[in-house]
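Step one of this worksheet: look at the structure below.
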Amino acid sequence: MQNHETVEEKIESQMVESSTFGVCVSAFQKLKETNARLFLYGIVGVLALSLVGMAAAGVYRAYAMGATDAFTVNVAQVIRLPVLKVDGVPIMYADYAEDIKAIKQMRDYDKKNGGPGADLTEEQMSDQVLWRLANTILVDRAAAKYNIRISDQDVENLKATVLQQYKDTATVEKELAERYGWTLADYEEKVMRPFVLQNSLKQAVEADPSLKANSFNKALDVLNQIKGGADFTAMARKHGQDGTAAEGGDLGWFARGEMVPQFEAAVFAMRKGEISQTPVESPFGFHLIKLEDTKKENKKENGKQVMVEKVLARHILFRAPDIEQYLDTMARQADIHLYSRIHNPFEEMRRS
């Protein structure tokens, strides 16, 4: 007996087949979407790994090798890699590399033209760049302390003074490009503006009464130690702040007119073996003076023999406040951390 399906049965059978096919299609579509997502994630993952690898290579070349090639500088710029920090303030490796490029061009320029930078070594150039970058941070901090601000007009005034020494602006641009690879705008930003700011800071430091009082008090403390029995020569070696310190403050023999007036007036009023009773102020700072000996010599002046009084003296100088000393003190007290494995001039400063 033949199996005859009813219309209802055929329809039901087709619906089942259609439903089964739909499920298969849906599952296949989901599988395709999943594979596509996995493929995309794979591409992104590979790209991410490549970028991480490039960054790691750039960091290694910067920190382990001190490299300044385009690849290293570009990576350092993108990830904002610091070359050093001064009291937590970062200085970017890209800025270091840019200045290294400029100073190397300057050295090559001086080699061709007999300039003063012709014999600079790689280490010396790196040291100069690091110090300039660190000094910029220190000057900015000190200027903020003294509430110093400079205007664009201040920079323009300096620029006008510089341009007066050249035929025209084009001549300046040409020399800067040849010497440093800079434009005049670069020179304004890197040299002129910092110079104006530091010069304003210099005036503020020299006029600071508290710094002047510190120098006087140091001189007075050492003078009291000498009065208490400390050896003048030994104290000069320990505390002197000029070139005579290594020689125990020895100034040798000298006559009137060879020293600044304030110093001369004090020493020629003293007796042999005497030590100044108070610190003597001069434009150089505060002096403690010891008169070792005196003598008179015949000297021919204007065709006549005259008797000249000479003295043999020592001194201990406590320098007046000045920008170099001020910034040196700041640098010694600052937390300066160098990240790159290049010569560290700040370590030498700490040891000195």
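Derivation of every value follows stated rules applied to the coordinates shown; laboratory data play no part. Here the structure is a predicted model, which means the values were calculated and not measured. Cβ: placed from backbone, ideal geometry, glycine included. Neighbour counts: every protein chain shown.
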Between GLU292 and residues 5 or more places away or on another chain, which pairs have amide H atoms under 5 Å apart, with H built 1.01 Å from N, and which residues are they? GLY273, LEU312, ALA313, ARG314
Tell me, what ³J(HN,Hα) does each residue in the range 307-321 have, in order and in whole Hz, if you take phi through Karplus 6.51 cos²θ - 1.76 cosθ + 1.60 with θ = phi - 60° and put x for Gly and Pro? 8, 10, 8, 10, 10, 10, 9, 10, 8, 10, 9, 10, 4, 5, x
Please state the equivalent ellipsoid semi-axes for the range 82-208: what are the square roots of 5 times the Cα gyration tensor eigenvalues, largest first, in whole Å? 26, 22, 12
In whole Hz and in residue order, list the ³J(HN,Hα) couplings for the range 143-148 that follow from phi through the Karplus curve 6.51 cos²θ - 1.76 cosθ + 1.60, θ = phi - 60°; x for Gly and Pro. 5, 5, 4, 8, 6, 8
What distance in nm separates the two pseudo spin-label positions at GLN164 and ARG132, each 7 Å out from Cα along the beta-carbon direction? 2.5 nm
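Taking K and R as +1 and D and E as -1, what net charge do the other residues with C-beta under 14 Å from the C-beta of HIS337 add up to? Intermediate values should be presented prior to the final figure.
Details: positive: LYS85, ARG341, ARG350; negative: ASP87, ASP335, GLU347.
For residues surrounding HIS337, the net value is 0.
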18 Å reach of a label modelled at TRP253, 7 Å along Cα-to-Cβ, counting backbone N of the range 280-311: 291-301, 305-311
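Using a Förster distance of 41 Å, how high is the FRET efficiency between ASN298 and LEU220, based on the Cβ-Cβ distance and rounded to 0.05? Kindly include the intermediate steps, with their values, before the conclusion.
Working: r = 40 Å, r/R0 = 0.98.
Taking R0 as 41 Å, the efficiency between ASN298 and LEU220 is 0.55.
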At R0 = 45 Å the Cβ-Cβ FRET efficiency linking ARG341 and LYS174, nearest 0.05, sits at 0.75
Starting from the Cα of ILE148, step 7 Å along the direction of its Cβ; do the same at ARG350; then give the gap between the two resulting points in nm. 2.7 nm
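Suppose R0 equals 35 Å. What FRET efficiency, 1/(1 + (r/R0)^6) with r the Cβ-Cβ distance, do VAL191 and ALA246 give to the nearest 0.05? Spell out each step's value before the answer.
Working: r = 34 Å, r/R0 = 0.98.
Calculated value: 0.50.
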Could you list which residues have their amide H under 5 Å from that of ILE336, counting only those 5 or more apart in sequence or on another chain, with H placed in the peptide plane? ASP87
Whole-Hz couplings from phi, Karplus 6.51/-1.76/1.60, listed for the range 74-83; x for Gly and Pro: 4, 4, 4, 6, 5, 8, 6, 7, x, 8
